[in-house]
Amino acid sequence: MWNISEVALQLPTSSASNRLLQPVWDHLYHQHYSRVSSPFFPVLLAFSSYFIFSVPFALLDVLGEKAPLFKYKIQKERRPTVGMMLRTLGTAVYNHLVFVLPAVLITNVVMPAPPLPAVAPTVWELLSGGLGALLVFDAQYFFWHMVHHKNPHLYRWVHAIHHDYISPFSWSTQHLSGVELMTVGFWSNLDPILLKCHPLTVWTITVFSIWMSVEDHIGYDLPYSPSHLVPFGLLGGAMAHDMHHQKPSSNFAPFFSHWDRLFGTAVTVKRTHKSDEEQ
Ligand SMILES: [Zn+2]
Ligand SMILES: [Zn+2]
């Protein structure tokens, strides 16, 4: 017969072992603890995601008309030069060296992160926390973005650099002022803390949100992109954000479409390889 102390010792272990993500988490926890608990790990994850997701579309841009996916290019007449690609990648590297890394160092001294938990999140916790953080960030950026387009001073000093290019391309995703990158980074760190997300959820959100941000800027309206797969036009995607760079008073939200629909700022266009007409 079990006594109370045996039950108390066994319950967390048995519930942890039932978690689908526990083997993944165990591997990270036991084999790579010092790496993944480093304050620089989230930065490395974010920057490498931006880099890896951007490279394939940079290659497509270099190939130009010879690329098999060129028919999906949204603004075929405006293609990025290698110089433009290097300049925007340079902005991202500069911002990380000058703003992000010092901010991480200071945060680590002032407010060091707690030790990693031994138990993985459930799949439900990962999905609900991830979706929640994306929805909160989407709302924050929508209002911040709209205010920065309505106020000429804020626009000029903070957001204008992101609009250097009417036709976005993958590297231009992080062609941002230091203030904008730090604001976005602040919310990206704060929101999962407020939602009590597990570190594995936080890292998943980081990779997923950067993928969606790069997808916004690739300049190709690919048929199997999330914005076409998710029903009812719930996601904005490349077409919506490309339109924001062409008509900056439209499509302020980064991921979803509901805020732009509510505020009457949503502008949609038909797929370019069929028609360039606005709906
Ligand atoms: Zn943009
Ligand atoms: Zn803008």
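Just one of the listed residues (V214, V207) is in a helix (DSSP H, G or I), within 16 Å of ligand 1 (Cβ to nearest atom) and either of a type in the set (V, I, T) or over 30 Å from R78 (Cβ atoms) (or both), namely V214.
Of all residues in region 149-178, those satisfying the criterion of being more than 11 Å from ligand 2 (Cβ to nearest atom), surrounded by 15 or more Cβ atoms within 10 Å (Cβ to Cβ) and part of a loop (DSSP other than H, G, I, E, B) are Y165, S167, F169, H175, S177. Within region 57-72, residues that are farther than 21 Å from W211 by Cα reach partners that are part of a helix (DSSP H, G or I) with beta carbons closer than 6 Å, at six or more positions or on different chains, in the pairs A67/L60.
Matching residues to (1) surrounded by 17 or more Cβ atoms within 10 Å (Cβ to Cβ); (2) more than 12 Å from ligand 2 (Cβ to nearest atom); (3) assigned to a helix (DSSP H, G or I):
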residue	(1), (2), (3)
G132	yes, yes, yes
H145	yes, no, yes
L181	yes, yes, yes
P192	yes, yes, yes
V202	yes, yes, yes
Y224	no, yes, no
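Checking P42, P12, P23 one by one, the residue that is modelled with pLDDT under 85, in a helix (DSSP H, G or I) and either surrounded by 11 or more Cβ atoms within 10 Å (Cβ to Cβ) or at negative phi (or both) is P12 and no other.
Taking region 160-198 as the range and being within 14 Å of ligand 1 (Cβ to nearest atom) and within 21 Å of L131 (Cβ to Cβ) as the test, only V184 passes.
Here L89, L63 are screened, and the one residue that is aliphatic (A, V, I, L, M) and surrounded by fewer than 18 Cβ atoms within 10 Å (Cβ to Cβ) is L63.
Within region 143-159, identify whether any single residue is within 12 Å of ligand 1 (Cβ to nearest atom) and among the β-branched types (V, I, T), and answer yes or no. No, region 143-159 contains no residue that is within 12 Å of ligand 1 (Cβ to nearest atom) and among the β-branched types (V, I, T). If you filter region 237-246 down to residues that are without any contact (Cβ under 8 Å) to a residue 40 or more places away in the chain and within 11 Å of ligand 1 (Cβ to nearest atom), you find that the one that is surrounded by the most Cβ atoms within 10 Å (Cβ to Cβ) is A240. Of all residue pairs spaced 6 or more apart or on separate chains, none has beta-carbon atoms under 6 Å together with a first member in region 141-161 that is farther than 21 Å from S188 by Cα and a second member that is within 16 Å of ligand 1 (Cβ to nearest atom) and of a type in the set (A, V, I, L, M). In this structure, F255 qualifies as over 24 Å from E77 (Cα atoms) and either without any contact (Cβ under 8 Å) to a residue 12 or more places away in the chain or within 16 Å of ligand 2 (Cβ to nearest atom) (or both). Taking the numbered list (1) out of contact with any Leu (no Cβ under 8 Å at 6 or more places or on another chain); (2) touching a residue at least 40 places away in the same chain (Cβ under 8 Å); (3) assigned to a loop (DSSP other than H, G, I, E, B) in turn, P114 passes all entries but (2).
Exactly one residue among V230, V207 is surrounded by fewer than 22 Cβ atoms within 10 Å (Cβ to Cβ), within 26 Å of L60 (Cα to Cα), at pLDDT below 95 and out of contact with any Lys or Arg (no Cβ under 6 Å at 6 or more places or on another chain), and that residue is V230. Count of region 83-135 residues, restricted to those that are farther than 22 Å from L28 by Cα and among the hydrophobic types (A, V, I, L, M, F, W, C), is 21.
The values are calculated or read from the model by the stated rules, or taken from the named source; none is laboratory data. What you are looking at is a predicted structure, and each value in this text was computed from that prediction instead of being measured. Cβ sites come from the backbone with ideal geometry, for glycine too, and all protein chains shown count toward neighbours.
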